[in-house]
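To keep things clear, I will list the structure first and then write my remarks on it.
The values are calculated or read from the model by the stated rules, or taken from the named source; none is laboratory data. In this text the structure is predicted, and so the values were computed from the model without any measurement. Reconstructed Cβ throughout: ideal geometry from the backbone, glycine too, with neighbour counts over all protein chains shown. Keep in mind that these areas ignore ligands, DNA and RNA; they rest on the heavy atoms of the full protein, side chains included. Shrake-Rupley method; radii C 1.70, N 1.55, O 1.52, S 1.80 Å.
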Amino acid sequence: MKKIVLLFAFIFCFHTQAQRSSSKKIEFNYIQYPTVRMELTWTFTPKVVQQNKTAILEEQEAYLANLESISEQYLAEVETYKNYSAAEKLIAGKPIKPKLPEMIYERLILDEQVIANEHIKIDGFNKKSDNADFTAEIVLSGFEIETKFEKNKDNAAFFYDVMYKCPVSVSIYDKEGKMYLDEVVENTTLHKTTPKRDSSDELKKYWIDNELAFTQELEKTSYNSALSKGANFINDALGYREKSESIKINTAKGKKITYPELDRAIEIVQRALISFGDGTDQDSMDKLKEVTQIWENELLEKNVKDKKARINKKVATGIHWNCVLIYSILNDFEKAKNHLNELKLIGRGPSGTSAEKFMKNFKARKR
């Protein structure tokens with residue numbers, strides 16, 4: 001037993017002496033550059049197109065025309081009956097009131113111009129109602145309820161699973177017709193469940209009483225969601241948006257080893273990112289370049305095979321991570337990728353994946 005205790009004490013002592021990475025979270029605000037570049041002096045016109053509007057109006061007109069036709073025919077039969085003699089009335093019989101067609105569901109018709117102005121905003125650009133330099137357009141294909149399935153849980157809770165979708169796409173084109181962006185934003189089938197009932201019969205009764213209200217509310221929320229997704233997509237692609245980012249910058253710890261330069265680098269990064277803004281502040285950029293040189297110097301001592309090394313595998317992983325992030329912010333993507341490759345060679349899968357995602361985001365929005 002004594003030997004086991006001593007063994008655990010030895011292992012614990014060994015691990016506490018090994019160098020390891022530690023980190024500090026740094027939050028900063030910056031101007032996110034667009035993925036689609038338009039001239040900042042350009043103006044834009046917001047536009048929303050509800051593609052199914054014509055079909056809805058035609059359906060409504062056809063329904064009303066059918067009602068009018070049935071009514072006119074019945075009134076004509078009544079008038080003819082009035083002019084019959086008593087004998088003719090007896091033979092013909094009174095006109096039978098016609099069975100009216102089932103009421104159609106009056107689907108939502110959007111005020112395209114109003115909602116375009118309400119939803120579409122592009123940070124850094126001014127709107128213009130006519131003769132603008134480019135048009136930012138959201139296209140709504142229409143709201144569709146595809147089907148519904150009755151489900152139950154242990155024959156105790158009965159509900160409908162309603163499948164629906166509201167496809168949305170966006171287009172950006174200038175007044176000469178040149179297309180800058182044409183993307184489908186959303187076209188997936190979504191699900192919404194009805195309130196639960198104790199039996200199948202109760203569920204069916206609920207649906208008879210509430211189908212119209214349920215569908216109308218679902219249609220309204222679907223259009224609002226589609227519009228928000230389309231507007232956000234446009235602003236994210238074209239706008240100069242103020243964003244907030246939280247990044248992890250690594251230093252290191254060791255029982256008998258200190259890392260003053262790595263600690264100093266964190267302080268420099270904090271000061272640099274306070275006033276980073278749109279990335280044009282030269283003092284901030286110079287500070288960030290300074291810290292990358294500190295990290296590059298530290299990596300000269302890297303020895304990933306020796307756990308006792310001052311810059312061992314864990315510490316090197318943290319430094320390479322730092323370099324991927326800061327080189328990406330500096331727009332030096334060649335060096336960022338070199339450090340990303342080093343991360344992958346070390347075998348830090350999750351770290352490499354997160355760093356690569358960060359790098360690709362900044363590369364797509366290169367200043």
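Between Glu27 and Glu77, what's the calculated FRET efficiency when r is the beta-carbon distance and R0 is 51 Å? Round to 0.05. Spell out each step's value before the answer.
Working: r = 78 Å, r/R0 = 1.54.
The calculated FRET efficiency here is 0.05.
Tell me the trypsin sites (Lys or Arg not before Pro) within the stretch 226-301 that lie in a loop according to DSSP and have at most 14 other beta-carbon atoms within 10 Å. Write out the running numbers ahead of the final one.
Working: sites: Lys229, Arg241, Lys243, Lys248, Lys253, Lys255, Lys256, Arg264, Arg271, Lys287, Lys289; in loops: Lys255, Lys256.
In loop regions of the stretch 226-301 (DSSP not H, G, I, E or B), the sparsely surrounded trypsin sites (Lys or Arg not before Pro) are Lys255, Lys256.
For a quick check: with amide H placed at 1.01 Å from N, whose amide H comes under 5 Å from Leu181's, ignoring anything fewer than 5 positions away on the same chain?
Amide H neighbours of Leu181: Ile172.
Summarise the accessible area of the chain (1.4 Å probe, protein heavy atoms) by the percent that is carbon and sulfur. Display every interim value, and only then the final one.
Working: 11360 of 22070 Å².
Summing carbon and sulfur atoms, their accessible area is 51 percent of the total for the chain.
With each pseudo-label sitting 7 Å past Cα toward Cβ, what's the Glu150-Lys128 distance in nm, one decimal?
That separation, rounded to one decimal, is 6.0 nm.
If you count only protein heavy atoms with a 1.4 Å probe, what accessible area per residue comes out for the chain, rounded to a whole Å²?
I get 60 Å² per residue for this part.
Going down the list Lys253/Lys313; Lys128/Lys363; Lys53/Lys121; Lys165/Lys357, which pairs span over 20 Å between their C-alpha atoms?
Lys128/Lys363; Lys53/Lys121; Lys165/Lys357
Report, by chain and number, residues whose modeled amide H sits under 5 Å from the one on Ile311, excluding near sequence neighbours (fewer than 5 apart, same chain).
Amide H to amide H, under 5 Å and 5 or more residues apart or across chains, Ile311 pairs with Asn303.
Relative to the first principal axis of the alpha-carbon coordinates of the chain, what is the inclination of helix 2-17, with its axis defined by its Cα atoms, in degrees from 0 to 90 and to the nearest 10?
Tilt relative to the chain: about 80 degrees.
Quick one: plug the Kirkwood hydrodynamic radius of the stretch 29-84 (C-alpha pairs) into Stokes-Einstein at 20 °C, 1.002 mPa s, and report D in µm²/s.
Roughly 125 µm²/s, to the nearest whole number.
What value, in deg cm²/dmol to 500, does the helix sum -39500 (n - 2.57) over DSSP H runs of n ≥ 4 give at 222 nm once divided by the residues of the chain?
Computed ellipticity for the chain at 222 nm equals -16500 deg cm²/dmol.
Give me, ordered by chain and number, the residues 5 or more places off Leu190 or on other chains with an amide H under 5 Å from its own placed amide H.
Under 5 Å from the amide H of Leu190: Tyr164, Lys165.
Name the GluC sites (Glu not before Pro) in the stretch 147-236 that are in a loop by DSSP and that have at most 15 other C-beta atoms within 10 Å, would you? Write out the running numbers ahead of the final one.
Details: sites: Glu150, Glu176, Glu183, Glu186, Glu202, Glu211, Glu217, Glu219; in loops: Glu176.
Answer in residue order: Glu176.
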